[in-house]
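A.B. asks: Here's a structure for you.
The values are calculated or read from the model by the stated rules, or taken from the named source; none is laboratory data. Just so it is clear, the structure is predicted and the values come from calculations on it, not from any experiment. Every residue, glycine as well, gets a Cβ built from its backbone with ideal geometry; the counts of neighbours run over all protein chains shown.
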Amino acid sequence: MAQQDFSRIFVGGIWRPGGGPLELSINPADGSVVAEFGTASVADVEEAVAAGKRAANDPAWRGMTPQARARLLYRIGDAIESDADAIAALQTADTGKTLAETRALAMSAAGTFRYIAALLETMDEALTSPRGNCLTMSLHEPIGVVGAITPWNSPIASDAQKIAPALAAGNAVVLKPAEWTSLVSLRLAAIIERVGLPSGLLSVLPGAGAVIGDAIVRHRDVGKISFTGGTVTGRHIAAAAAAKLMPVSLELGGKSPTIVLPDADIDQAIAGILFGVFSSTGQSCIAGSRLFVPAPIFSEFVGKLTARAAALRIGPGTDPSTQVAPMVAFPHRDKVAGHVAAGIAEGAEILCGGALLADTRYAAGAYYPPTILTGVTNDANICQQEIFGPVLVALPYGDEDDLVAQANDSVYGLACGLWTRDYRTAYRLARRIDAGTVWINTYKQFSISTPFGGVKDSGLGREKGRDAIRNYMQQKSLYWGLDPQPLPWASGI
């Protein structure tokens, strides 16, 4: 694929300069400039939504058979896979993530388009049970224009999880990528355009969430918002959506517990806990950032875990040996450091990490080391606030009721990890924990076929799974009268 001009944005199927200022993408590994990219204005939102409305209402798209639309999605998936190495390299430069992770995200996006295509081909409508002399059926139709707002920690994969089902449902999509990671979304737009998506069905509008995201949410012709990001922003979107009586899907923050049971395989648990909180440099909504360990084995277990965490390899995402890459941006690294400093002020004890790296190899990058804290109780701010970085707080617990009370003592309910050999205990605890996803003897595994979302302040609605396309449709009922006689109410007139 030819070198892309990121100064242009994709508005209603047209590449052109945006009405917003040019911004810089900074490589967090060394502070160098990756690219200058364009941003949108509110006027661009108006144009994108208008183009999307026309394209969604075009009989050629609205009347396209599911099989034909599925073939288009399959081609998009194949095109993403063929470009996966270039996508990975661009995303690593833009976000700092390791190449292994960014390639996996690209392949995840390709798989999402293929799964949604297969789902579309096999999705049937339903005849409902007759309750009179009528034939009744339930149909699903497109919403029209869908707004998709995606986060910076998993670009392209998050984009695909919203774009693919929304297009499959027959909608147009206006995508607002995160400000820190807009390059890959613009790359995806170029791939989708090249495959042959009808013009106007996709727009990609980088820019500030408070301006561009808000304009998309409040636009009268946007019929649904799918948002992944912070809980505070999610609440604002929900309030704006309520004023419009508009459906929303909100995948928000987390402060997920990861739980070691007394009978756990220690080596398996330690490896899983390390991966669950320190991979992606902790920049994950489902990171297992609160560790609960039985009090009798707490010191021994946490000691082994700390030694392993301190030995994790820190470096640039381009180094194949790197396990902990730089954070997405310098301001975010400093925010994480501020959380740790506040935790220390609350009385937390540092077991490893907890300070900027002194090694000159890391001086130019947004690095922060794997950090483990202990010595506080679950009501401490550092145990309650989402940090979104490589920071783990270790907490002891007594019996199962004490464990469940502490694990559920959080405004969040996104994910949980359990480490035990006893399937009965695993099932019982999985049902008692407030979380949308529970991993048992593993962590941070995903499948596009399995629904994902949270409870409490972690969100509303679900993505993925067999209902993924239905989530971007509106339901309609049809009644076919079978009685040849007129309705009796009007007889005798």
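A.B. asks: Taking the stretch 463-492 as the region of interest, how many residues are within 30 Å of Thr228 (Cα to Cα) and among the hydroxyl-bearing types (Ser, Thr, Tyr)?
C.D. replies: Of the residues in the stretch 463-492, 1 are within 30 Å of Thr228 (Cα to Cα) and among the hydroxyl-bearing types (Ser, Thr, Tyr).
Yes or no, residue by residue, for (1) in contact with a Phe, Trp or Tyr (Cβ under 8 Å, 6 or more places away or on another chain); (2) crowded, with 24+ Cβ neighbours inside 10 Å; (3) not in a loop (DSSP other than H, G, I, E, B):
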residue: Gln161; (1), (2), (3): no, yes, yes
residue: Pro165; (1), (2), (3): yes, yes, yes
residue: Pro206; (1), (2), (3): yes, yes, no
residue: Val211; (1), (2), (3): no, no, yes
residue: Arg220; (1), (2), (3): no, no, no
residue: Gly223; (1), (2), (3): no, no, yes
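A.B. asks: Going by what's in this entry, would Ser299 be described as closer than 17 Å to Trp439 by Cβ and among the hydroxyl-bearing types (Ser, Thr, Tyr)? First the steps, then the outcome.
C.D. replies: Working: closer than 17 Å to Trp439 by Cβ: no; among the hydroxyl-bearing types (Ser, Thr, Tyr): yes.
Judged against the criteria, Ser299 is not a match.
A.B. asks: Next question, about the same structure. Of these, Leu403, Leu418, which one is among the aliphatic types (A, V, I, L, M), in a strand (DSSP E or B) and under 17 Å from Pro257 (Cα atoms)?
C.D. replies: So the residue among Leu403, Leu418 that is among the aliphatic types (A, V, I, L, M), in a strand (DSSP E or B) and under 17 Å from Pro257 (Cα atoms) is Leu418.
A.B. asks: In addition: Starting from the stretch 234-247, keep only residues that are not assigned by TED's automatic domain parsing to the domain that holds Tyr472 and part of a helix (DSSP H, G or I), then list their pairs with residues that are surrounded by fewer than 15 Cβ atoms within 10 Å (Cβ to Cβ) and of a type in the set (A, V, I, L, M, F, W, C) whose Cβ atoms are within a distance under 8 Å, requiring at least 6 positions of separation or different chains.
C.D. replies: Going by the 8 Å Cβ cut-off, there are no qualifying pairs.
A.B. asks: Consider the stretch 59-74. How many of its residues are assigned to a loop (DSSP other than H, G, I, E, B) and either outside the structural domain of Leu167 (by TED's automatic domain parsing) or touching a Leu at 6+ places or on another chain (Cβ under 9 Å) (or both)?
C.D. replies: Count: 1.
A.B. asks: How about the stretch 367-388: which of its residues are of a type in the set (Ser, Thr, Tyr) and either buried (at least 21 other Cβ atoms within 10 Å of the Cβ) or in a loop (DSSP other than H, G, I, E, B) (or both)?
C.D. replies: If the condition is that a residue be of a type in the set (Ser, Thr, Tyr) and either buried (at least 21 other Cβ atoms within 10 Å of the Cβ) or in a loop (DSSP other than H, G, I, E, B) (or both), then Tyr367, Tyr368, Thr371, Thr377 are the ones that fit.
A.B. asks: What do you reckon, is Ile448 surrounded by fewer than 19 Cβ atoms within 10 Å (Cβ to Cβ) and touching a Ser or Thr at 6+ places or on another chain (Cβ under 8 Å)?
C.D. replies: So Ile448 fails the test.
A.B. asks: A further question follows. Among the residues of the stretch 52-68, how many are in contact with a helix residue (DSSP H, G or I) (Cβ under 8 Å, 6 or more places away or on another chain) and not aliphatic (A, V, I, L, M)?
C.D. replies: Residues that pass the stated criteria total 4.
A.B. asks: Still on this structure, please answer the following. Can you tell me how many residues in the stretch 340-366 are free of Cβ contacts under 8 Å to residues at least 60 places away in the same chain and buried (at least 18 other Cβ atoms within 10 Å of the Cβ)?
C.D. replies: 8
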